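The next block holds one structure in the form of structure tokens; read it before the comments.
The values are calculated or read from the model by the stated rules, or taken from the named source; none is laboratory data. Everything numeric here is computed off the predicted structure, so don't read it as measured data. Glycine also receives a Cβ, built like all others from the backbone with ideal geometry; neighbour counts cover every protein chain displayed.
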Amino acid sequence: MLSDYHTHTELCRHADGWPVAYAAAAAARGLAELGCSDHNPMKDDDFDEWRMALGDLPRYVDAVEEARAAHPGLPVRLGLEVDYLDDGGAWLDALEGMARWDYLIGSVHYLPGGWDVDNPKWLALGRWEQQTVDEVWTAYFAAYERCVRSRRFDFCAHPDLVKKFGHRPGGDLRRYYDPVAQAVADTGAILELNTAGLRNSAGEQYPSQEFLAVLAQTGAPIMISSDAHRPEDVGRDFDRAVALAKEAGFRQTARFCGRERMLVPL
């Protein structure tokens, strides 16, 4: 009876399908709940090319309501994936009041210097060659720790997204993982096991199995999400994800309604 709370619609300009199609896919897979979580709009619609425009937010909320009406037996939750930015607190305050959210996902895509670390355009533009992999990882995980410690989000997404294109530093990677795990222990945060990495060039789930085991030692629950960008990916690889989570030591997951958390057995 898992739920999939990390899904995207065509309003974010790099996904396909509307919430009603995602709800149909979730029902067909036997999921307990579905959550819609498009990338948050910014005040400036030209901020980047992969999020919904601010003017589309009412349409997004209406589309979730349409999915609820079409699938009355399936709870469809209204969420948003929100980029953590060090100077983004005021805009997050504004976003929180724009709808009756069931949950907000915190995520780190942008590093200091204003580049989105998971955007393939930077591979061709040579951005990765401007810093060492260690420097990029250090910046990413420092930002991720700040995201967790902000306590602004109901759970946080794809904890080691920085590995997406295969850039990994040498040595013991716990030097990156341990501060994030300590932040989870200190704040009671929930992170996500995201199966999208199994479908892209990362070649494994986010987070890695080693990182997952470190996080499990905190006693925290885990969210299992597909990060679906098309309806057919809803709930994809969840059997594998549950096995990996249990192997690492997780025993609980969570559901959200009106930004209230409920823990359920994994």
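Among the residues examined, Asp186 does not qualify as within 16 Å of Leu2 (Cβ to Cβ), over 18 Å from the mean Cα position of the chain (by Cα) and in a helix (DSSP H, G or I). When the residues of region 233-254 are filtered to those that are among the aliphatic types (A, V, I, L, M) and touching a residue at least 24 places away in the same chain (Cβ under 8 Å), the one that is nearest to Leu11 (Cα to Cα) is Val234.
Scanning region 164-213 for residues that are buried (at least 21 other Cβ atoms within 10 Å of the Cβ) and modelled with pLDDT under 95 yields a single hit, Ala202.
When the residues of region 115-163 are filtered to those that are of a type in the set (Val, Ile, Thr) and either within 27 Å of Leu78 (Cβ to Cβ) or within 21 Å of the chain's Cα centre (by Cα) (or both), the one that is surrounded by the fewest Cβ atoms within 10 Å (Cβ to Cβ) is Thr138.
Is it the case that some residue within region 243-257 is surrounded by fewer than 22 Cβ atoms within 10 Å (Cβ to Cβ), at pLDDT 95 or above and under 20 Å from Val108 (Cα atoms)? No, there is no match, as no residue in region 243-257 is surrounded by fewer than 22 Cβ atoms within 10 Å (Cβ to Cβ), at pLDDT 95 or above and under 20 Å from Val108 (Cα atoms). So for region 57-65 (the condition being in contact with a Phe, Trp or Tyr (Cβ under 8 Å, 6 or more places away or on another chain) and among the charged types (D, E, K, R)), does at least one residue qualify? No, every residue in region 57-65 fails to be in contact with a Phe, Trp or Tyr (Cβ under 8 Å, 6 or more places away or on another chain) and among the charged types (D, E, K, R).
What is the number of the single condition among (1) touching a residue at least 12 places away in the same chain (Cβ under 8 Å); (2) more than 20 Å from Asn194 (Cα to Cα) that Glu129 does not meet? Condition (1) is where Glu129 drops out. Each residue in region 189-224 was checked for being in a loop (DSSP other than H, G, I, E, B) and within 17 Å of Phe153 (Cβ to Cβ), and 6 of them qualify. Across region 205-232, the number of residues qualifying as in contact (Cβ under 8 Å) with a residue 40 or more places away in the chain and of a type in the set (Asp, Glu) comes to 2. Just so you know, in region 74-87 the residues that are touching a residue at least 60 places away in the same chain (Cβ under 8 Å) and either among the aromatic types (Phe, Trp, Tyr) or crowded, with 17+ Cβ neighbours inside 10 Å (or both) include one that is farthest from Tyr110 (Cα to Cα), and it is Pro75.
In region 31-73, the qualifying residues are those that are more than 16 Å from Ala99 (Cβ to Cβ) and in contact (Cβ under 8 Å) with a residue 60 or more places away in the chain, and the one that is surrounded by the most Cβ atoms within 10 Å (Cβ to Cβ) is Leu34.
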